[in-house]
Structure formats: structure tokens, C-alpha cells
Amino acid sequence: MKRLLFLVGARGTGKTTVGRAVAARLGWRFADADEVLETTAGRTIAEIFGAEGEAGFRDREAATLAELARQIDIVIATGGGVVLRESNRDRLRHGFTVWLQASPDAAFDRMRTDPTTASRRPNLTAAGGIEEMRALMAAREPHYRSVSDFTLDTANLSPEEAADAIFTAWTRS
């Protein structure tokens, strides 16, 4: 069995919340790649985007993923756009990768109830809001699919139910 588990998917699909629950079931450590990146940079993602643009942020994201992926017995919640770079997709294939899905409406509703979203996460398209969510999910879907060992729709699952499903899939891998 692979001793490295990645969670990929769009914002609001539950990567961090479910990731913590999966790590607890496995007895492994948990890392939120965006939180690690922000801590290392000493700035929020929104501030990094403002100062360095998306290219600068994506460079930092790739470096963070590379560092975290050197570990074992760890569940890593990745940023939603980590799949945009081929080198990151290659790295994700070295672990058991779970694609968390939710409809754009469900994911957007979760984001709106997260008090940190506005201060930490920049809009990535001019549209913003639900239109951005729909566009990004559609554009990234082939990349998520290409790296995933298991796909799970989290829209109607509790974090514990999602963690149980992932744990079961991992044990069967």
C-alpha cells in the first residue's frame, strides 16, 4: 500500500476537513499544502497572488508539494490548482490520490460559509463567484481525473463518512 495520500479537488470539496479525518483513521500526520505554503511565505495566498502573480504562486505551490511528498505516512490536502502543472501531476501519481468532488453550487456554498475564504483566497478569473467555480471545475476536471486513484462526491457526505470511504478504498489499493 502507498504510504502517501493526496486529496485533490476544487475549493470547497472538503479536502482539509476530510483530510484531517482520514489522517486520524490512518494514524498518520496531516498537512494542508496551502497552509504550509502560507506559513513558509509569511503571507496569505491572496497576498502572494498580489505580489507575485499566479506564476509566482504556482512556483511556490510546486515547491511545497515537492517538499511534502518526500514524507511518508502523511495525508496531504492540496490546493485546487495543483493539478495545472504536469510536474505536480507526476508527483501526485506517487501516492494514493483521491479526487474529492462536489457540484459547483455545493462547493460554492461551503466557501461562502468559510470565514477565511475572502481574506485568504483570491478570485482566479474575472467572473469570480459561482461562474468562476463552474469554469475552473470544468477546466481542471481532466487533470483531476488523470491523477486520481479514487473519486468521491462529498456533497452529501459528512467528513466522517467521506473519511471512511477513502480509508476503505486505500486499504483495497
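Read-outs: derived from the displayed coordinates by stated rules, not from any lab. Keep in mind that this is a model prediction, so the values were computed, not measured. Every residue, glycine among them, receives a Cβ derived from its backbone with ideal geometry; neighbour counts consider all protein chains shown.
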Quarter of the Cα convex hull surface for the chain, i.e. its orientation-mean projected area (nm²)
8.9
In whole Å, what is the distance between the alpha-carbon centres of the stretch 31-90 and the stretch 136-159?
18
Using amide H atoms built in the peptide plane, which far-off residues or other-chain residues are under 5 Å from residue 97 H to H?
6, 149, 150
Under a Cβ-only charge scheme (Lys and Arg +1, Asp and Glu -1), can you give me the dipole magnitude of the chain about the Cα centre, in debye to the nearest 20?
420
